[in-house]
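The structure appears right after this line, and notes come after that.
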Amino acid sequence: MAHHLITLTRPEELVSRSTEVEEWKNNPAGMLEVYQRQPYKMGHSIADLVDNSYDAGAKRVEVDIDRDPDTDEMFIRVFDDGKGIPENKWKDAMMLGLQRTRKKSDLGVYGVGLKLSSLSQANEVTVASVHKGKFGQRRISAGHIKETGRNELLLTDTGSAAFNDSRGRMIEEEWSTMVLLEDIHTERYFATLDMERNAALEKEVNRIRCHLGLTFERAIRSKLLGETVLKFQGREIAPIDPFMRWEEHARFGTIVEPTFTVNANIEGKKIPVRVTPAIIPHRKQRRDQKRCAGVEKGYLRANDMQGLYIYRNDRLIQYGGWNGMYGDMLEPHKTLGKVSVDIPPGYEAEFGLSPTKTDIRLPMEFAKQLLDRLSEPKQWGQIKKGSKSKLTFR
């Protein structure tokens, strides 16, 4: 019979091994490729920048997409009149993934939005700010990082006409912060075979306007954030209610069920999540056709906009799709069904909120409970002429 020797490791040896470390390096140029390939649409990136303006306490926010008068190259610019960046806070402001204590009401989450969303759109990202009369600026230059292989912020501007015009406006109109994106990755949006560039740009501008109206609809209406005026291309963003609550016809209007709670089990605690199911009118029965059509002029069309509308702090995170609840199938029979879900602040990681705030993965147990509640038969307004027969949401 063979004998096996068992060697026991002494506790002090475990301690010794745990302190043996090696620097975990990264390649700045290689990581830049990762940053620039984040799955942001232009409207998502702009919304992320607007989040920062809200969190800075801005009462005015203006977003423009324009062309440099010298080069005719497109740029994106965001102004706000928030609290600005103090001289001793620039390193924190520009750090990727800064961990800090955030207010529960903040729209920002992971400390990467400004940087990742900007780099996903542009090679030159300039942030300028005035705080207590002191002007400061930092620039992330993809070209500089690729050329030097170093993570360095430049203290100089691009010297472009776009920058000079933007800085002039910043001073003249008393903005406190500006984010300027230059050398835009235009091939992602405007390299079309069936449309000239100007027409493609106009189409994207219309999508962005709709996306901002949906994303900040609640914020624009809220008592807490509603004093902030958000403008895009010189026009104030109008809130767009995806549930079309203005359709109030007794028989064919929107049906919004009373809000109920579904408890998410997180670390042994039951966290209540507010849920509101709704059924919007069939296209043929909508009274305000133009207003209703405006809901579906963003990045998704009617069939794709069925599903869950997930909010955090009155900011729409995700709209469209069922997150696996119905096999994630989109079909005409469910086009009119929408459900708002309000995830509680402080539990973003548990609810699978991505760093880009473009995706969320609901906990399996919570999704099952939500599906069970939606599967309970009930009477839905005047559907089937208000008959007593009860139907599930599906």
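Give the relative contact order (percent, whole number) for the chain; include only Cα pairs under 8 Å separated by 6+ residues.
Relative contact order, the chain: 14 percent.
Which whole-number value in Å² is the accessible area per residue of the chain, probe 1.4 Å?
About 55 Å² of surface per residue is accessible.
Quick check on the stretch 218-288: take the gyration tensor over C-alpha atoms, sort the square-rooted eigenvalues as a ≥ b ≥ c, and tell me if it's rounded (a/c under 1.5), prolate or oblate.
Oblate is the answer for the stretch 218-288, as a/c is 1.5 or above yet b/c matches or exceeds a/b.
Give or take rounding to whole Å, what are the principal axis extents of the alpha carbon atoms in the stretch 209-354, in descending order?
That gives 48, 38, 27 Å along the principal axes, largest extent first.
If the cut-off is a Cα-Cα distance under 19 Å, which aspartates and glutamates reach Lys83, setting aside same-chain residues fewer than 8 apart in sequence?
Straight-distance partners of Lys83: Asp48, Asp51, Asp55, Glu62, Asp92, Asp106, Glu172, Glu173, Glu174, Glu227.
So for each of 254-267, 198-211, 76-89 I average, over its residues, the number of other beta carbons within 10 Å; can you give me the resulting order with the highest mean first?
Top to bottom by mean Cβ count within 10 Å: 76-89, 198-211, 254-267.
What FRET efficiency, computed as 1/(1 + (r/R0)^6) with R0 = 22 Å and r the Cβ-Cβ distance, is obtained for Asn198 and Ala302, rounded to the nearest 0.05?
Efficiency computed from Cβ-Cβ geometry: 0.20.
In square nanometres, what is one fourth of the surface area of the convex hull spanned by the alpha carbons of the chain?
With the hull built on Cα positions only, its mean projection is 29.7 nm².
Gain in length, Asp288 to Lys83, computed as 0.36 nm per residue apart minus the alpha-carbon separation, to one decimal in nm?
69.7 nm
Per residue, how big is the convex hull of the stretch 148-274 when only Cα atoms are used? Give it in Å³.
Output value, Cα hull per residue: 292 Å³.
Calculated FRET efficiency, Glu227 and Glu22, Cβ-Cβ r, R0 51 Å, to nearest 0.05?
Once rounded, the FRET efficiency stands at 0.50.
Among the listed pairs Lys91/Lys269; Lys25/Lys115; Lys203/Lys338; Lys223/Lys269; Lys269/Lys378, give every one whose C-alpha distance is greater than 28 Å.
Lys91/Lys269; Lys223/Lys269; Lys269/Lys378
To the nearest 0.05, how large is the calculated FRET efficiency for Arg37 and Glu172 if R₀ is 35 Å and r is the Cβ-Cβ distance?
After rounding to 0.05, the efficiency reads 0.40.
Where the accessible area of the chain is counted over protein heavy atoms with a 1.4 Å probe, how much of it, in %, is carbon and sulfur?
51
Using label points projected 7 Å from each Cα along Cα→Cβ, tell me how many nm separate Glu152 and Glu267, to one decimal.
4.2
Between Leu391 and Glu257, what is the label-to-label distance in nm when each label sits 7 Å out along the Cα-to-Cβ direction?
1.3
What ³J(HN,Hα) values, in whole Hz, does the Karplus curve 6.51 cos²θ - 1.76 cosθ + 1.60 give for the stretch 274-284 when θ = phi - 60°, with x put for Gly and Pro?
7, 10, 9, x, 8, 10, 8, x, 4, 3, 6
Between their Cα atoms, which of Lys231/Lys368; Lys41/Lys231; Lys134/Lys231 are more than 28 Å away from each other?
Long pairs (Cα-Cα over 28 Å): Lys231/Lys368.
The values are calculated or read from the model by the stated rules, or taken from the named source; none is laboratory data. Worth saying up front: this structure is predicted, and the values here are computed from it rather than measured. Counting neighbours? That spans all protein chains shown, and the Cβs are built from the backbone with ideal geometry, glycine included. Surface areas here come from the heavy atoms of the whole protein model, side chains and all, with no ligands, DNA or RNA. Shrake-Rupley method; radii C 1.70, N 1.55, O 1.52, S 1.80 Å.
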